[in-house]
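Here's the structure we're looking at; comments come further down.
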Amino acid sequence: MLTAPPSNRGLGEILREVAEDGAHLARQEVNLARIEFAKIARDVGKGTGFTVAAAMLGLLTVQMLVFGFVLLMGDALFRGHYWIAAFVLTFILGGVAFFLLKRGTALLSPGNIKPTQTLATLRRHNDD
């Protein structure tokens, strides 16, 4: 069995070294967290940029599709009256947009966002 050599250091010196090592470790952890958060923020920024670019291209794609439908409907249904086809599609798409807006706002209302089951469980446990 190995025994540690006797130390001439006092308890105060050992405690000071432990405190210094703890402070050094805490500084290293804070530095690591700062580096990680900077990387996360950079990735979030890049991801947001790519998502916005994709959304813009998607919007342009949908606009071109609607324009194609206007041309198709104007030729096939309205004998070259493209403005009628544009109005018809405007009303149809506006109705769909209104429906989606109403549905989305209903789902995002404060009553639907509240975790009712969790709150009920917490109340039940608090009553016990």
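Tell me, please, whether a residue that is within 24 Å of PHE91 (Cα to Cα) and touching a residue at least 12 places away in the same chain (Cβ under 8 Å) can be found in the range 51-66. Yes, the conditions are met somewhere in the range 51-66. Among the residues of the range 83-128, those identified as under 30 Å from LEU71 (Cβ atoms) and open to solvent by 100 Å² or more (accessible area, probe 1.4 Å) are TRP83, PHE87, PHE91, PHE98, PHE99, LEU100, LEU101. Among the candidates GLY12, GLY58, GLY49, GLY22, the residue that is exposed (fewer than 10 other Cβ atoms within 10 Å of the Cβ), in a helix (DSSP H, G or I) and at negative phi is uniquely GLY12.
The values are calculated or read from the model by the stated rules, or taken from the named source; none is laboratory data. The structure displayed is predicted, hence computed values, not measured ones. Cβ atoms come from the backbone with ideal geometry, glycine included; neighbour counts cover every protein chain shown. SASA here: full protein model, heavy atoms, side chains in, ligands and nucleic acids out. Shrake-Rupley method; radii C 1.70, N 1.55, O 1.52, S 1.80 Å.
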